[in-house]
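I have placed the structure first, in the form of structure tokens, so that the comments after it can refer back to it.
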Amino acid sequence: MRATSVIHLGSSWAPPMSILRGFLILVLFFLLGESLRLVFLVPISGGILGLMLLTLYFMATGGVGNAVASASQALISVLILLIMPGLTEIFFISGKFTGQWLAVSVSLLVGTFLSVVTTLVLLNVLARKLPSGSNNHE
Amino acid sequence: MNSPLTVWERLLTLSHVLADTPMLAIAMTILAFFAANSVYIAIGRPVWLPPVVPAATILAGMIALLGLDPDSYREGASWLMLLLGPATVALGVPLYQNIHHIRAMLWPIVLTLPIAASLAVLYTLVIAWALGASPTVMASLAPKSVTAAIALGIGGIIGSSVPMLMAALLITGVFTTLCVEVATRLLKITDERVIGFALGLNGHAIGTVRAFEISSTAGAFSSLGMSLTGLFTALLLPVLFNL
């Protein structure tokens, strides 16, 4: 469903100007995040800081504008496109770490399986045990 | 020596000349994206195969077929990857739209995060150490569940090898989507919030892509898991590797 909707981007959801305005807002929040990272020397990427600032901004103003919503949907629907180039690296780096591959692959695969199971079980159990009425935050 | 190239010779070197501009890399990436979409739909969207895998495989095949240098491809594609910054910020929209779900699950998330994000690091480090991995390899594996931009920052502090760190991130991301698929069946977990959070905490952006295929709520919880894990691990690892 997500895959096919990519083609219709921009034509059906919102006028291009609106997407462009939303994109500008996203880029500005990214730049704000990058500025914070560079000024305060925090090891968090500008993108993640921007994400958090944008969420806080929505919480403060109480809503998401149409422009940001359509630009965001457009970008999220092509997220795969943006991480594909990095992924190809897997195919071209093998051989650089001969002798370590057993330790690397076993620890990654077993470690990841264990931590996935840990996360699923822990959150699932806690979500059931703890009352969901913890809305008193804020 | 100075004899002009024939049309045929110019044609053969064309891909290398075009590779000097980012446009070839951008066109190849988008082409592979659509090709992978068609392939993925044609084979019936198998749950055991995250769509990023056929996408990256087709793309790597195109790079190899054209005989391009992978580094020069990536240099061109970096123009496209610039969009990852605003795309990460864009995750704030589904996050905010699901804020009521997140508030309802606030305490379970606050308790799960430090335990699960620490264990994601420790399980792998202990196994790697037991199998005799070198200190550089350990430092490259440690940030494996952290989104790339943050992981590279951590790697610079704790002394990771960048290519190995990238490989660890990618393998972890892809394998996380597989593990979540298998484990949710075995454990009979159907809560999209739990599934999304596990995808983002362990599988960063690759897990988040998978989560958005499940639902917007799963995607929001995955974005949250990815952001919080990035923050937590960036604080944890420099301390851990100083001990």
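The values are calculated or read from the model by the stated rules, or taken from the named source; none is laboratory data. This structure is a prediction, so every number in the text was calculated from the model and none was measured. Virtual Cβ from ideal backbone geometry, glycine too; neighbours counted across all protein chains shown. When the accessible area is computed, the model is the full protein with side chains, heavy atoms only, and any ligands, DNA or RNA have been set aside. Shrake-Rupley method; radii C 1.70, N 1.55, O 1.52, S 1.80 Å.
Annotations
- Taken over segment B:58-84, the criterion of being open to solvent by 60 Å² or more (accessible area, probe 1.4 Å) and either farther than 21 Å from A:L31 by Cα or facing chain A (nearest Cβ under 8 Å) (or both) is satisfied by B:A64, B:L65, B:L66, B:D69, B:D71, B:E75.
- Failed item, numbered, when B:P51 is tested on (1) closer than 28 Å to B:R210 by Cβ; (2) without any contact (Cβ under 8 Å) to a residue 60 or more places away in the chain: (2)
- Verdict on B:Y96 being within 7 Å of chain A (Cβ to nearest Cβ), of a type outside the set (G, A, S), over 30 Å from A:N66 (Cβ atoms) and open to solvent by 10 Å² or more (accessible area, probe 1.4 Å): no
- Total residues in segment A:62-103, condition without any contact (Cβ under 8 Å) to a residue 24 or more places away in the chain and under 25 Å from B:I58 (Cα atoms): 21
Here is a yes/no grid of residues against (1) facing another protein chain (nearest Cβ under 8 Å); (2) over 25 Å from B:V93 (Cα atoms):
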position: B:S134; (1), (2): yes, yes
position: B:V162; (1), (2): no, yes
position: B:A167; (1), (2): yes, yes
position: B:L178; (1), (2): no, yes
position: B:R193; (1), (2): yes, no
position: B:A198; (1), (2): yes, no
position: B:E213; (1), (2): yes, no
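- Of all residues in segment A:104-133, those that are within 7 Å of chain B (Cβ to nearest Cβ) and closer than 16 Å to B:L106 by Cβ have Cβ atoms under 7 Å from Cβ atoms of residues that are hydroxyl-bearing (S, T, Y) and assigned to a helix (DSSP H, G or I), 6 or more apart or on another chain, in A:L122/B:T112; A:L123/B:T112; A:L126/B:T112.
- The set of residues in segment B:114-124 being under 19 Å from B:I154 (Cα atoms) and either open to solvent by 20 Å² or more (accessible area, probe 1.4 Å) or facing chain A (nearest Cβ under 7 Å) (or both) consists of B:P114, B:A116, B:S118, B:L119, B:A120, B:L122, B:Y123, B:T124.
- Qualifying residue in segment B:173-184 (condition: surrounded by fewer than 24 Cβ atoms within 10 Å (Cβ to Cβ) and not in a helix (DSSP H, G or I)): no
- Residue match in segment B:99-113 (condition: at pLDDT below 90, more than 15 Å from A:V125 (Cα to Cα) and outside any helix (DSSP H, G or I)): no
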